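The next block holds one structure in the form of structure tokens; read it before the comments.
Read the figures in this text as sums done on the coordinates, not as results from a lab. No experiment lies behind these values; they were computed from the predicted model shown. No Cβ is skipped: glycine too gets one built from the backbone with ideal geometry, and neighbour counts run over all protein chains shown.
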Amino acid sequence: MKLLLLGLSLVLCVGAAEALRCHVCKYKVPLLGCLQGANVTSCERREKCALIKASLGKVTLYYQQGCTSALNCGRERASDAESRLTSRYSCCETDLCNEEWGEEPAD
């Protein structure tokens, strides 16, 4: 029984150590930095670190940092049918890799 508990503890520790850590920021403005929610978080399974670029037409308004489903990576989504506001999801898979990428992030 002790061996089983030791094995379970080891598996839980290894699983926790493997969680991907990402920067989090709700609004990151070029030249000003993070305006709300600067932090670091651990992603859930099947999530990647993301940098999300919010644009109105061709003008970048702000970025968001955090974890996102791997299904969002590389996608561009419109906020609604009437708006020109779009969000482009760029992802990476190493700890704290979503700091900054410039205009064309890697997917």
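For the stretch 20-82, the list of trypsin sites (Lys or Arg not before Pro) that fall in a loop by DSSP and count at most 16 other C-beta atoms within 10 angstrom reads Arg45, Arg46, Lys58, Arg75. Could you give the nm distance between label points at Ala54 and Arg75, where each point is 7 Å from its Cα heading toward the beta carbon? The modelled label-to-label distance comes out at 1.8 nm. Among the GluC sites (Glu not before Pro) in the stretch 25-76, those located in a DSSP loop and surrounded by at most 11 other Cβ atoms within 10 Å of their own Cβ are Glu44. Computed over every Cα-Cα pair of the stretch 20-92 and binned at 10 Å starting from 0, the pair-distance distribution P(r) comes out as 22, 48, 27, 3 percent.
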